[in-house]
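First comes the structure, then the notes that go with it.
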Amino acid sequence: MKKIMNWVLAATRPLVLTMVLCGATAFTACTNEDNPVTPTDDNLADKIIGSWIHTATDGALTPTNRKSIHTFVKTDSGLKMYNTIAVTGDNDPWWVYQQEMDVTIEGNHITMKTTYDDGKKVVTELDVTTISATGMEYQTVTHIIQPDGQQIDIDSRREVFTRVTRDYSNDVLGTWEGSIQQGQSVYDDNLTHRWEFKADGTYVYYCCDEGQWQVSADTKNEYFVDGTLIS
């Protein structure tokens, strides 16, 4: 069972790491403190290298269960972007870890293309308006071409991404207890939860029965960590 981990993790691990993981689910926004600049065709390919997390769309903060991570990398075959998406709570959940996308840049315009295992093709176009050491903002449209040829166009929107400066893949390993911090969750029963995250990308979920922790019967318990996003 795939579940977005929106809980605050605590109790069984050191407090400092708990605070780090709380920060992983907190909202952040692009700031102007380091003088964002408008990119030009001769520096955007360099400025965009690295990992970025989605923090806002059209002025509204992005909730944890709709976040994504873009990681831009220079390779021998050209510029690539590895896309991680953790979207739940709608009729078409999207759970993808580092999907490779081909990237081309013309001036401030970026085009990213990929084909998923199910044959679905996605073309995303970005017009970068500002980029700095800590954040970038762009206008974007997305085109989804289904295997039967049907095309779905997602309306133009303005998105803000914040640079990711640390990866928590190793920090999360081990056993954690936690509870929901705010809002509602279909998995929440007002009790403390427990997860054991393993290095092979799987986790064990424990239920508390009359004060005793029991391994859940859930199957296909998989997770990934990309930057500050755990899903």
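The values are calculated or read from the model by the stated rules, or taken from the named source; none is laboratory data. It should be emphasised that the depicted structure is a prediction, and the values quoted were computed from it without experimental measurement. No Cβ is skipped: glycine too gets one built from the backbone with ideal geometry, and neighbour counts run over all protein chains shown. Note: areas computed on protein heavy atoms with side chains; ligands, DNA, RNA excluded. Shrake-Rupley method; radii C 1.70, N 1.55, O 1.52, S 1.80 Å.
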I145 accessible area, 1.4 Å probe, all protein chains in place, Å² to nearest 10: 40 Å²
Net charge over other residues, Cβ less than 14 angstrom from the Cβ of I53 (K, R count +1; D, E count -1): 0
Protection proxy ranking of 195-202, 45-52 - average other beta-carbon atoms within 10 Å, highest first: 45-52, 195-202
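With a probe of 1.4 Å, find how much accessible area the range 105-231 has per residue, and write the answer as a whole number in Å². All intermediate terms of the calculation are to be shown ahead of the outcome.
On the way: 6910 Å² over 127 residues.
Each residue of the range 105-231 exposes 54 Å² on average to a 1.4 Å probe.
How much net charge surrounds M101 when only other residues with a Cβ under 10 Å from its Cβ are counted (Lys, Arg +1; Asp, Glu -1)?
Numbers: positive: K80, K113; negative: E100, D102.
Net charge in that neighbourhood comes out at 0.
So how do T57, T142 rank on accessible area, 1.4 Å probe, biggest first, that is with the largest at the start?
On the way: T57 40, T142 10 Å².
Ranked list, largest accessible area first: T57, T142.
Any of K74/K113; K120/K220; K121/K220; K74/K120; K47/K80 with alpha carbons more than 20 Å apart? Name them for me. Numbers along the way, then the final one.
Values: K74/K113 16 Å; K120/K220 24 Å; K121/K220 26 Å; K74/K120 25 Å; K47/K80 14 Å.
Flagged as over cut-off: K120/K220; K121/K220; K74/K120.
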